[in-house]
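The block underneath contains the structure these notes are about, expressed in structure tokens.
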Amino acid sequence: MKMMRAMPAPKKALFLAAAAAVLFVGTFLLSNFLRGADRGLLCSFSPLFSRPFPGGADVRGELALALIHYATTSQVPQQSRAEIQLTFDVLRRRAPCNFLVFGLGRDSRMWSALNAGGTTLFLEEDKEWYELVLKGSPSLRAHHIKYRTRLDEADKLLKGYRAEAECRPGRADGVAGLRRNGGCPLALVGLPDEVYEKEWDVVMIDAPKGYFPSAPGRMAAIYSAVVMGWGRRGEGQTDVFLHDVDRKVEKAFALEFLCQKNRVGATGRLWHFQIPPVNPNQTSSGSNFC
């Protein structure tokens, strides 16, 4: 108390403001991210902070900055709490990991923080939105990319991909295989090298736009996520999350490529799939993905 009385008025005000901010951030964390969570979820943060991370990543700092960001803005993540929880449960098990996210949004800083110490990469097709988000969050790892598909071509692509030899299972398995598969209109080619140089443990498909005819749609992102998972050489399966499954195209392409048998979770408009790798000694040259 003596120290408080001895403080000059400006410093005292700053001290009180900082203390209030810490209290507010803590309250925000408990009420918005962990409300209703079990004790296992609460305890999961302890090993997250204590485990070693590549390059000495400042995990506490990254999480704290994300909390301050959401505590001091009126913007909220675009997914519901239940949908976020579904992905968080996987990230707390697999992080730090390689996390590929299709789309930049109001939740990008959250996803990056929840994978603190890992690699979280965002792919965004809207140039203006890409620049706007990075202006406010320059620390995010993101690339502006272009798609070769249109939403009004979705039915034709779904019905005709089996006739395209380069689109069949086994022709471009793995991340590296995508970059040289320009013959398949659903394959994501021409992406930055960083996308092809890693195996992605978790993939979130929440973009590109898919609600007007000339929009790219999420057909190529869904197809390519499966190809990545099939060609995985690392341990474990590839966790793929697809948002907006209430829409016709997302649902149809999910059932065609991600496969109902691989769906392991769902809540709201979010489906969770686990894509098993194809054994290198096996063939995947059939015409069906499921």
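One table, with the values for the structure above:
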{"read-out": "Charge sum, other residues only, whose C-beta stays under 11 Å from GLU235's C-beta, Lys/Arg counted +1 and Asp/Glu -1", "value": "+1"}
{"read-out": "Spacing of the two label points (7 Å from each Cα toward its C-beta) at CYS290 and ARG180, in nm", "value": "3.1 nm"}
{"read-out": "Highest average packing first - 122-133, 215-226, Cβ atoms within 10 Å", "value": "215-226, 122-133"}
{"read-out": "Peptides ranked, highest mean first, by Cβ atoms within 10 Å: ranges 241-254, 96-109", "value": "96-109, 241-254"}
{"read-out": "Tensor-based shape of region 172-252 (alpha-carbon gyration tensor, a/c under 1.5 rounded, otherwise prolate or oblate)", "value": "oblate"}
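Readers should treat all values here as calculations from the given coordinates under stated rules, not as data from a laboratory. Keep in mind it's a predicted model, so treat the numbers as computed, not measured. We place every Cβ from the backbone using ideal geometry, glycine too, and count neighbours over all the protein chains shown.
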